[in-house]
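To start, the structure under review is shown below, and the notes come after it.
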Amino acid sequence: MPVGVLEAIKAYLHITWEDINTEINLTGMINRGMARLQSIAGVPLDFTVENDARALLFDYVRYANSQALEMFEKNFASELMALHIKSQVDAYIPDVII
């Protein structure tokens, strides 16, 4: 897991206490979320910078933590499609300096 992601998600979820079981659960949710989002994007994603992938990961974990994960892809369908399209275009078109 990228450095700082667990701490950032704990802050996002307002989890201020230290508990090993909570951290184990969140780590699993984060890892599953990263895998799912990378599967949707079709390319490796960087979750350490503020971007759409990171925002979606935070919301994925929020839904998973609330036992509402079945609603995540429905509620974020347009954002997930945009992530997929942008990731595929970025992977297809190499960086060009104009």
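The values are calculated or read from the model by the stated rules, or taken from the named source; none is laboratory data. The model shown is predicted, which means the values in this text are computed figures rather than measured ones. Here Cβ is always computed from backbone atoms with ideal geometry, including for glycine, and neighbour counts include all displayed protein chains. Side chains included, ligands, DNA and RNA excluded: accessible areas come from the protein's heavy atoms. Shrake-Rupley method; radii C 1.70, N 1.55, O 1.52, S 1.80 Å.
Numbers below:
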{"quantity": "Counted residues, the range 20-74 - those being assigned to a loop (DSSP other than H, G, I, E, B), open to solvent by less than 60 Å² (accessible area, probe 1.4 Å) and without any contact (Cβ under 8 Å) to a residue 40 or more places away in the chain", "calculated": "2"}
{"quantity": "Selection count where residues are surrounded by 14 or more Cβ atoms within 10 Å (Cβ to Cβ) and either aromatic (F, W, Y) or touching a Ser or Thr at 6+ places or on another chain (Cβ under 6 Å) (or both), scope the range 75-98", "calculated": "1"}
{"quantity": "The range 2-14, residues that are open to solvent by less than 50 Å² (accessible area, probe 1.4 Å) and over 24 Å from E73 (Cβ atoms)", "calculated": "G4"}
{"quantity": "Selection count, the range 9-39, where residues are under 21 Å from A68 (Cβ atoms), more than 11 Å from the chain's Cα centre (by Cα) and of a type in the set (A, V, I, L, M)", "calculated": "5"}
